[in-house]
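The block underneath contains the structure these notes are about, expressed in structure tokens.
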Amino acid sequence: MASLYKKPVKVTDPVTGERKTARSKKWYGRYRDADGTEHRVPLACDKRIAQQMLNDILNRVERVKAGLVDDIVVEMKKSLTEHIDDYEQHLRAKNDSKYHITCTINMLKNVARTRKWKDIRDLKASELEAFLNWLRNEKHLSIERGNHYIRACKSFTHWLLDNDRINKDPFRKIKVLNASTDQRHHRRPLSMEEFSLMVDAANSGPPIQGISGQDRAMLYYIAAWTGLRRKELGSLTLNHIFLDAPVPYLTVPAAYSKRKRDDVLYLHEGLVGLLKKWLDRKKPDKTDLLFSMVEETGGVERKTSKMILFDLNSARNFWISEASSPEEIQKREESDFLKYKDSQGRFADVHCLRHTFITNLSLSGVSPKIAQTLARHSDIKLTMNIYTHMNAQSQINAINTLPSPNQQPAGSAEEKKEDPDSEKKEGTEKEDSVKEKNKKTK
């Protein structure tokens, strides 16, 4: 039978300082659920309100006994682990990538374990915010990493809400932060001289991560002249490359494209020639991966950062050894030329070749809209602000294209001052014109 009671608590006498037993200010309720299990729950300080709250609980119990149970009540009894497992099956049914599913589920389990969430009633905005603060302040992770957790948690609660497992989304008001204020892995484009030396080093270098030097060189060429991402490069086969078409192109399947749709990329004629020579020598089958380096595309997982780091170091060592004097050697050793990580903390990893591609488009005078289309970005701000890099020399060259401030337009006041007879000539011309008019009038 249900009842109200006040729980005995220990308090300190403000006069004597002695500990004594008293009754709690808050009323508690005692009841048995539909399964006969006894529960004790805190209610309210006001007895009338506490009785109403207990009555609501008893009404829900009676509905359960009568079989009139809301789906949400049933779902609330499940553990959070069960909900996460069901959500994982949902992601698999959507045919999301294996990488995305693994990362999302691992993040959900990590935040649940850290905050000791047991069921969906523990999902609170304040709890998630506390976890995000812990990530940044204790684990020193970036804002972008925290944003990944926010997206994973919000997509999970959206699914819970859509499937009638919760009444409202507890994370609805949590927003992702501006990751550009805390970027940890900046990238830089390679100059054409750096790229050329790196490719030469790769062509003559040993296999790295199971990929030969010539294959690495071709990988760099394709990345720097198409802007393909790592997973897209790892998905290429002969079935995706059409070199004999009137305008040669390659395709990226929607399964491996970041924007989840089939992409068509037209190829530079110079890249087409290099590709034909490389394919004639390699002779792959139609379905063979040209660059087996991503497990998700059916290849072998390889660290592309180790490849480009090795080739950059080889090229840099050769470039330094070619110096003609000790002073030149010291100057080259102190420069950022061909460094994997420069003095500004920017990296030249494989993804930097995408930055190189987009930056070179801008330097070649390609309009921002065309650059955005070729980069396959949904937002032109991403193309212009993140992937387009302008160094000091680029800015100097742009400034020098402006007309000179000393240049004067034809017939300007300055030219008239330089010619003292110009005013006399103008006066004579006016007099002749007046005389001509008078003759016609007569």
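The values are calculated or read from the model by the stated rules, or taken from the named source; none is laboratory data. These numbers come from a predicted model, not from an experiment. Here Cβ is always computed from backbone atoms with ideal geometry, including for glycine, and neighbour counts include all displayed protein chains. Note: accessible area is taken over every heavy atom of the protein model, side chains too, but ligands, DNA and RNA are not part of it. Shrake-Rupley method; radii C 1.70, N 1.55, O 1.52, S 1.80 Å.
Annotations
- Count of residues meeting criterion [charged (D, E, K, R), without any contact (Cβ under 8 Å) to a residue 12 or more places away in the chain, in contact with a Lys or Arg (Cβ under 9 Å, 6 or more places away or on another chain) and open to solvent by less than 60 Å² (accessible area, probe 1.4 Å)] in the range 306-342: 1
- Scanning the range 1-35 for residues that are under 30 Å from Ala66 (Cα atoms) and loosely packed, with under 10 Cβ neighbours inside 10 Å gives Met1, Ser3, Asp35.
- From the list Asn167, Asn163, the one residue that fits, being open to solvent by 70 Å² or more (accessible area, probe 1.4 Å), in contact with a His (Cβ under 9 Å, 6 or more places away or on another chain) and not β-branched (Val, Ile, Thr), is Asn163.
- Flag if Arg332 is touching a Leu at 6+ places or on another chain (Cβ under 6 Å) and among the basic types (Lys, Arg): no
- Test: residue in the range 142-153 that is open to solvent by less than 20 Å² (accessible area, probe 1.4 Å) and over 19 Å from Thr181 (Cα atoms): yes
Table: residues versus (1) within 30 Å of Val294 (Cβ to Cβ); (2) over 45 Å from the mean Cα position of the chain (by Cα); (3) open to solvent by 50 Å² or more (accessible area, probe 1.4 Å).
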{"site": "Thr37", "(1), (2), (3)": "no, yes, yes"}
{"site": "Pro42", "(1), (2), (3)": "no, yes, yes"}
{"site": "Lys47", "(1), (2), (3)": "no, yes, yes"}
{"site": "Val61", "(1), (2), (3)": "no, yes, no"}
{"site": "Lys65", "(1), (2), (3)": "no, yes, yes"}
{"site": "Met76", "(1), (2), (3)": "no, no, yes"}
{"site": "Leu80", "(1), (2), (3)": "no, no, no"}
{"site": "Asp86", "(1), (2), (3)": "yes, no, yes"}
{"site": "Ala93", "(1), (2), (3)": "yes, no, yes"}
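- Within the range 101-111, the set of residues being aliphatic (A, V, I, L, M) and modelled with pLDDT of 95 or more comprises Ile105, Met107, Leu108, Val111.
- Residue check, Lys139 among the basic types (Lys, Arg), under 24 Å from Glu88 (Cα atoms), outside any helix (DSSP H, G or I) and open to solvent by 70 Å² or more (accessible area, probe 1.4 Å): no
- Scanning the range 111-133 for residues that are within 22 Å of the chain's Cα centre (by Cα), open to solvent by 30 Å² or more (accessible area, probe 1.4 Å) and touching a residue at least 24 places away in the same chain (Cβ under 8 Å) yields a single hit, Glu129.
- Residue in the range 283-305 that is surrounded by fewer than 12 Cβ atoms within 10 Å (Cβ to Cβ) and outside any loop (DSSP other than H, G, I, E, B) present: no
- Any pair with Cβ under 6 angstrom, 6 or more apart, that starts in the range 357-380 at a residue that is within 21 Å of Asn391 (Cβ to Cβ) and ends at one that is in a loop (DSSP other than H, G, I, E, B) and at pLDDT 90 or above: Phe357/Gly227; Thr359/Pro189; Ala375/Gly227
- Restricted to the range 343-439, the set of helices (runs of 4 or more DSSP H) holding at least 1 residues that are open to solvent by less than 60 Å² (accessible area, probe 1.4 Å) and at pLDDT 80 or above comprises 352-363, 368-375.
- The range 209-257: number of residues that are over 17 Å from Leu271 (Cβ atoms), in contact with a strand residue (DSSP E or B) (Cβ under 6 Å, 6 or more places away or on another chain) and either open to solvent by 20 Å² or more (accessible area, probe 1.4 Å) or without any contact (Cβ under 8 Å) to a residue 12 or more places away in the chain (or both): 0
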